[in-house]
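The structure appears below as structure tokens.
The values are calculated or read from the model by the stated rules, or taken from the named source; none is laboratory data. This one's a predicted model, so the numbers in the text were calculated from it and none came from an experiment. Cβ atoms come from the backbone with ideal geometry, glycine included; neighbour counts cover every protein chain shown.
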Amino acid sequence: MTAAIERFSNRVANYARYRADYPREIVGYLKKQNALDDDSVVADIGCGTGLSARMFLENGNRVFGVEPNSAMRIAAVEYLKDFPDFKRIDGTSENTNLNDASVDLIIAAQAFHWFEPEATRNEFQRILKPGGHVALMWNERQLDTTPFLVKYESFLLKYATDYSSVRHENVDGARLHNFFQADYQSARFDNVQIFDFDGLKGRMFSSSYMPNEDEPVATEMIDELKTLFAKYNQDGRINILYDTNVYLSRL
């Protein structure tokens, strides 16, 4: 668990600046499913730098951002400094440090694949109000819908350290059903990031499965990424396309 918590510590700046945001249509979807009201209390578990919390704060919700990594918590407070209804919490999915029956909706964005499912489920049941919901969401990068994305995936596989073992696509329907122990709903939303080269480089280095910027192989990686960018950019920009998937259920 400690290794998982600390693996982003030296990537916080790139993570905060270059990770994909979440489509605001998610808020409307959750309202339509009666999982969210304007006065709902939300717990964002593994909130990181606060990207996923922001859309709920914009909706007027009170949000507890539970995050075990201190550098991430500091970044979240800075990013969300204009939202007094955000409260950072030093905690994990298994021990949130939130009160019993204190939240209406739990979200975990880009985080559930790091959780220990059984202990997390017990903790979520403890902190949820009766009838409360859990929404798990991921920005899943499209792998083969453009020539650049095909080559970029090959590039990541070439240099990554533990890409195949930590990628969130490993969370399949069986694992979700075992966690929810109930039927769940799903929704998909289109998402895109548009980068110049520096943005693409920052996005790459924000990934915990890639070597960091201060490692010897980084120069070779950057040179190869420059070649990809030069070949596939259009007017100095590259699009990274995502499917943003949301899985929703009561516990």
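Of note:
- Looking across region 63-88, the residues that are outside any helix (DSSP H, G or I), in contact with a helix residue (DSSP H, G or I) (Cβ under 9 Å, 6 or more places away or on another chain) and closer than 11 Å to Gly46 by Cβ come down to Gly65, Glu67, Pro68, Asn69.
- Helices (runs of 4 or more DSSP H) within region 150-251 that include 2 or more residues of a type in the set (D, E, K, R) and either touching a residue at least 60 places away in the same chain (Cβ under 8 Å) or over 30 Å from Leu36 (Cβ atoms) (or both): 197-205, 218-232
- Candidates Lys226, Lys201: the one that is of a type outside the set (A, V, I, L, M), closer than 22 Å to Ala13 by Cβ, surrounded by fewer than 16 Cβ atoms within 10 Å (Cβ to Cβ) and modelled with pLDDT of 95 or more is Lys226.
- The set of residues in region 29-53 being buried (at least 21 other Cβ atoms within 10 Å of the Cβ) and assigned to a helix (DSSP H, G or I) consists of Leu30, Leu51, Ser52, Ala53.
- Residue count for region 204-223, restricted to those that are loosely packed, with under 15 Cβ neighbours inside 10 Å and polar (S, T, N, Q): 2
- Odd one out for Gly236, checked against (1) surrounded by fewer than 16 Cβ atoms within 10 Å (Cβ to Cβ); (2) modelled with pLDDT under 95; (3) not hydroxyl-bearing (Ser, Thr, Tyr): (2)
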